[in-house]
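Let me begin by presenting the structure, written as structure tokens, before commenting on it.
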Amino acid sequence: MAFTYIFGPVMSGRLGLSLGLDLLREKICSMDCAYCEVGPTSALTLERRAWVPARDILDELAQWAAQGRDTEYVTLGGSGEPTLNTEFGEVIRGVREILPGKPVAVLTNSTLLHVPDVRRDLCLADVVLPSLDTLVPQEMRRLNRCIPGLGPETIVRGLLDFRKEFSGAVFLEILLARGFNDSEENLRLLSEFIPRLDPDRVDVVTLTRPGTLDSARAVDAPTLARWRAALGAHERRNLRAEARERDLPDQEAREALRSSLARRPQTVLQLAGGLGLGPERVRRLLDALVAEDELDAREVEDGLFYSLRRSGR
Ligand code: SF4
């Protein structure tokens with residue numbers, strides 16, 4: 001069956017097999033990052049409201065759980081910034097009832113951590129994965145294209161306050177884009193800030209998929225290695241497709257592929273590992289979807305990425 005708010009499970013470099021919950025459905029975000037794989041932000045906002053009701057998401061999750069499928073994590077994220085949804089705390093509580101014992105992770109761009117209600121509800125999670133690409137104000141304006149008025153100072157304050165209040169794990173992610181935030185000044189500022197935040201893990205990554213702006217490109221391997229060493233970054237888990245062939249009819253497998261690709265472009269191996277389908281079968285279904293003009297296939301530095309064809313792009 002096709003779901004509206006649930007996607008995956010997909011293989012996440014930091015969490016393993018992760019079932020995603022989309023708390024927004026549209027590209028609603030407080031940033032409009034040049035590298036964003038979801039596409040341009042349609043609503044650039046800091047307005048918090050029940051963009052999608054928690055009840056609708058949890059009803060779907062209960063249906064998913066009734067299928068007897070498994071995941072290592074449930075991750076709140078989706079098409080924008082999940083903490084903009086005022087009901088994200090209710091979603092976390094509901095996940096614990098539907099999937100007892102399953103750890104809950106939340107992806108966040110860190111822009112709302114200065115809001116006490118957001119920090120209170122984020123403390124319900126097991127793992128929080130904040131991103132912070134740069135502490136240089138002009139780099140943040142160019143790369144993350146935040147809502148006006150928001151800058152590194154507010155974000156740093158929110159992150160440090162949250163760290164004091166949260167007893168779970170914090171996995172910080174820094175994404176480097178060549179010529180945007182790979183400056184020595186940023187490296188120095190982050191080197192000073194990270195020990196103050198004291199995250200459980202730091203990941204320094206670069207683009208592996210097409211972003212919103214063509215000018216956003218990956219940094220080269222030596223630069224990535226140097227930043228990782230300087231910031232004490234964790235080596236990313238090696239993604240490996242698990243060829244566990246699920247007994248899924250072709251039509252449902254196609255729907256699962258479309259639904260997963262609606263959230264982010266992926267390779268054959270990423271899709272196969274996340275959805276538990278054999279890579280050869282995934283390749284065959286993707287080829288058919290490309291031939292039917294449902295998908296685009298684009299070669300980038302890390303391989304051939306498939307994405308859902310969007311009208312007007
Ligand atoms: S990368 Fe994340 S923070 Fe940036 S625009 Fe996309 S959803 Fe928003």
Quick test of your reading of the structure: ILE155 fulfils all but one of (1) over 23 Å from ARG69 (Cα atoms); (2) more than 15 Å from the ligand (Cβ to nearest atom). Name the failing condition by number. (2)
Could you go through segment 40-51 and let me know if any residue there is more than 11 Å from the ligand (Cβ to nearest atom), open to solvent by less than 20 Å² (accessible area, probe 1.4 Å), within 19 Å of PHE7 (Cα to Cα) and at pLDDT 95 or above. no
Let me spell it out: the conditions are (1) out of contact with any helix residue (DSSP H, G or I) (no Cβ under 6 Å at 6 or more places or on another chain); (2) buried (at least 24 other Cβ atoms within 10 Å of the Cβ); (3) farther than 26 Å from GLN63 by Cα, and LEU113 meets all of them except one. Which number is the exception? (1)
Tally time: how many residues in segment 73-110 are open to solvent by 20 Å² or more (accessible area, probe 1.4 Å), outside any loop (DSSP other than H, G, I, E, B) and small (Gly, Ala, Ser)? 0
Only residues in segment 42-56 that are in the same structural domain as ASN85 (by TED's automatic domain parsing) count as the first member; pair them with residues that are among the polar types (S, T, N, Q) and surrounded by 14 or more Cβ atoms within 10 Å (Cβ to Cβ), Cβ under 6 angstrom, at least 6 apart or cross-chain, and list the lot. LEU46/SER30; ARG48/THR86; ARG49/THR86; ALA50/THR86; TRP51/ASN85
Could you grab me the full set of residues in segment 153-176 that are free of Cβ contacts under 8 Å to residues at least 24 places away in the same chain and open to solvent by less than 20 Å² (accessible area, probe 1.4 Å)? none
Output for Cβ contacts, cut-off 7 Å, separation at least six or different chains, first residue in the same structural domain as LYS102 (by TED's automatic domain parsing) in segment 11-35, second acidic (Asp, Glu) and open to solvent by 20 Å² or more (accessible area, probe 1.4 Å), reads LEU15/GLU72; GLY16/GLU72; LEU17/GLU72; SER18/GLU72
In segment 116-148, which residues are away from the ligand (no atom under 16 Å from the Cβ) and surrounded by fewer than 18 Cβ atoms within 10 Å (Cβ to Cβ)? PRO116, ASP117, ARG120, CYS123, ASP126, PRO137, GLN138
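The values are calculated or read from the model by the stated rules, or taken from the named source; none is laboratory data. Since the structure is predicted, the reported quantities are computational estimates derived from the model, not experimental observations. We place every Cβ from the backbone using ideal geometry, glycine too, and count neighbours over all the protein chains shown. Side chains included, ligands, DNA and RNA excluded: accessible areas come from the protein's heavy atoms. Shrake-Rupley method; radii C 1.70, N 1.55, O 1.52, S 1.80 Å.
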